[in-house]
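Reviewing the structure listed below.
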Amino acid sequence: MTQSPEVGELVAAIAAVTGAVGYVQKTGRNTHHRYTYASDEDLARAIGPELAAHGLAIMPHRIDTTRDNDRMTMIVTWRIAHSSGQWMTIATAGEGCDKQDKAAYKCLTGCRKYALRLVFCIATGDDAEVDTPSAPAAPSKPKQSPRAVLIDAAKAAAAGDAQKFTGWVAAINAQPDRLLPTLAQRIGKVDDVGAALDKLKVTK
């Protein structure tokens, strides 16, 4: 792995994306073996907006391939870049088998899928080492973002008081993105949510 001299802002942005995305719902379906899985599209759809929100981009930097008849293996080196100018590279491997012209695309799809999963520590319930693919039951509803958790808590605590609710929402929206996951975890553990929200300060 290579990286820029400083990576602090980059790492903070990656951590923020991990906290915002959480669990990715699985829509991929293997009809032959009868199991579901998180597809490359599932991951890209969940992670893409958060990458944009936190000034991140991930792109192929180098591609190394080998081929044995219909089977291709590929190692893709990805560059993860931040709007600050900081960057780092990681490599992921993929394998594809196709008698026509799809082996390379299958490799690229697998490489990107696991790059997104590994960099952003995304839970999907998939495990490549399990003999019979299976997954824990997915959450009954999509995971809320930390900001949504805080706003829901503010709404409940305000109990119809529009002025309080508006003030708390303004304070929540003023918090740096990197603090929101921690604040969302803490808000569910306090006895007086209103008092906790009153302590939020506008931070630049």
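Suppose the filter is at pLDDT below 90 and out of contact with any helix residue (DSSP H, G or I) (no Cβ under 7 Å at 6 or more places or on another chain); does Lys113 pass it?
So Lys113 does not fit the description; no.
May I ask you to list the residues in the stretch 61-86 that are under 20 Å from the mean Cα position of the chain (by Cα) and surrounded by 18 or more Cβ atoms within 10 Å (Cβ to Cβ)?
Scanning the stretch 61-86 gives Val76, Trp78, Ile80, Ala81, His82, Gln86.
Considering only residues of the stretch 1-34 that are over 22 Å from Leu108 (Cα atoms), surrounded by 16 or more Cβ atoms within 10 Å (Cβ to Cβ) and in contact with a Pro (Cβ under 7 Å, 6 or more places away or on another chain), which is modelled with the lowest pLDDT?
Tyr23
If you take the residues of the stretch 184-204 that are basic (Lys, Arg) and loosely packed, with under 10 Cβ neighbours inside 10 Å, which of them is modelled with the lowest pLDDT? First the steps, then the outcome.
Taking the stretch 184-204 as the starting set, the residues that turn out to be basic (Lys, Arg) are 186, 189, 199, 201, 204.
Next cut, loosely packed, with under 10 Cβ neighbours inside 10 Å only: 189, 199, 201, 204.
Numbers: Lys189: 83, Lys199: 85, Lys201: 70, Lys204: 47.
If we take residues in the stretch 184-204 being basic (Lys, Arg) and loosely packed, with under 10 Cβ neighbours inside 10 Å, then Lys204 is modelled with the lowest pLDDT.
In the list Leu56, Leu43, which residue meets the criterion of being under 24 Å from Gln144 (Cα atoms), in contact with a helix residue (DSSP H, G or I) (Cβ under 6 Å, 6 or more places away or on another chain) and at pLDDT below 85?
Working: Leu56 fails: at pLDDT below 85.
Criteria check complete, one pass: Leu43.
For the stretch 169-204, give me the residue count where each residue is hydrophobic (A, V, I, L, M, F, W, C) and touching a Gly at 6+ places or on another chain (Cβ under 8 Å).
Our first condition is that a residue be hydrophobic (A, V, I, L, M, F, W, C); within the stretch 169-204, this holds for 169-172, 174, 179-180, 183-184, 187, 190, 193, 195-197, 200, 202.
Still in the running and touching a Gly at 6+ places or on another chain (Cβ under 8 Å): 180.
Total satisfying the criteria: 1.
Conditions (1) modelled with pLDDT of 85 or more; (2) among the hydrophobic types (A, V, I, L, M, F, W, C); (3) surrounded by 15 or more Cβ atoms within 10 Å (Cβ to Cβ), marked per residue:
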{"site": "Thr92", "(1), (2), (3)": "yes, no, yes"}
{"site": "Lys99", "(1), (2), (3)": "no, no, no"}
{"site": "Asp126", "(1), (2), (3)": "no, no, yes"}
{"site": "Ile151", "(1), (2), (3)": "yes, yes, yes"}
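The values are calculated or read from the model by the stated rules, or taken from the named source; none is laboratory data. On a predicted model such as this, the values are computed, not experimentally measured, just so you know. No Cβ is skipped: glycine too gets one built from the backbone with ideal geometry, and neighbour counts run over all protein chains shown.
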